[in-house]
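The values are calculated or read from the model by the stated rules, or taken from the named source; none is laboratory data. Every value quoted in this text rests on a predicted model; they were computed, and no experiment measured them. Glycine also receives a Cβ, built like all others from the backbone with ideal geometry; neighbour counts cover every protein chain displayed. Side chains included, ligands, DNA and RNA excluded: accessible areas come from the protein's heavy atoms. Shrake-Rupley method; radii C 1.70, N 1.55, O 1.52, S 1.80 Å.
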Amino acid sequence: RSTYRSFVDWSATDEGEAKAFAEFWAYLQEIEAIATELHGPDSIQFMHYTAAEDRCMRAIAKKHEGVEGIPSIEEIEDFIARDDKVDLYHVLTEQLIWPTEDLSLKSLAKHAKFLWRDDDPSGANSIIWYQEAITHPDEEYRESQRARVLDYNADDCAAQAALLSWIARFGQVRNSARQLKGVESLDDRFTPRRRRPSAIRARS
């Protein structure tokens, strides 16, 4: 099960960016406190896809250093270095070989049968949608693009949850014959077998 909570600003101002990030950071502390109270320490994991999130957190913390609610650079670095913060990109791409054109979240999640609601989902497109959501002269169109951005981001989060579930199913296969084999098995499959020497018949 996955739920989605957005931290968004449509003002396109530095103040709005700082406010959204401060709310996001406070939420991380809140859900960790709840997890600790309910299940004890070390009972939560923070997951993301690729190091882009790390770069963005560093950049925003540095840009708004000293603003109320904004974590310090040291706090960001401590969070990034935590063992319970997991970059799914490494988990998914360093242990499995995928039959996809690339290793993007879109390609891997689609291979696992997850579909975005948008007909043309991409990070590049979401930037265009955001610009239209804050600058387009038609208010109704701005609202539609805002909903499109939020749906796209929600689907990105849901795609990561779907991939986690997809991978977990490999460890729950009851029929051992269907379990994934190790890479070592490829040696036997692709190593040419030596031909047995055949008897030579003499011609009379």
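A few notes on this one:
- Meets criteria (crowded, with 16+ Cβ neighbours inside 10 Å, of a type in the set (A, V, I, L, M, F, W, C) and modelled with pLDDT under 95) for A112: yes
- Leading residue by the ranking (nearest to E15 (Cα to Cα)) among those in the stretch 55-73 that are assigned to a helix (DSSP H, G or I) and open to solvent by less than 20 Å² (accessible area, probe 1.4 Å): A61
- When restricted to residues that are open to solvent by 90 Å² or more (accessible area, probe 1.4 Å) and of a type outside the set (D, E), the stretch 95-109 contains 3.
- If only residues of the stretch 78-87 that are of a type outside the set (F, W, Y) and part of a helix (DSSP H, G or I) are counted, the one that is surrounded by the most Cβ atoms within 10 Å (Cβ to Cβ) is I80.
- If you go through the stretch 1-28 and keep only what is of a type in the set (F, W, Y) and part of a helix (DSSP H, G or I), you end up with F21, F24, W25, Y27.
- Residue identified as touching a Lys or Arg at 6+ places or on another chain (Cβ under 9 Å) and of a type in the set (S, T, Y) among Y4, Y27: Y27
- When the stretch 76-111 is filtered for residues that are among the hydrophobic types (A, V, I, L, M, F, W, C) and touching a strand residue (DSSP E or B) at 6+ places or on another chain (Cβ under 7 Å), the ones remaining, listed by number, are F79, V86, L88.
- For the stretch 1-27, the candidate set comprises residues that are of a type in the set (A, V, I, L, M, F, W, C) and without any contact (Cβ under 8 Å) to a residue 40 or more places away in the chain; within that set, the residue that is least open to solvent (accessible area, probe 1.4 Å) is A20.
- For the stretch 42-58, filtering for residues that are within 24 Å of T93 (Cβ to Cβ) and more than 15 Å from the chain's Cα centre (by Cα) leaves 3.
- Selection count, the stretch 98-128, where residues are under 11 Å from A159 (Cβ atoms) and β-branched (V, I, T): 0
- Every pair of residues 6+ apart whose Cβ atoms lie under 8 Å, when the first sits in the stretch 71-82 and is free of Cβ contacts under 8 Å to residues at least 40 places away in the same chain while the second is in a helix (DSSP H, G or I) and open to solvent by 40 Å² or more (accessible area, probe 1.4 Å): I73/R58; I73/K62; I76/R58; E77/R58; I80/R58
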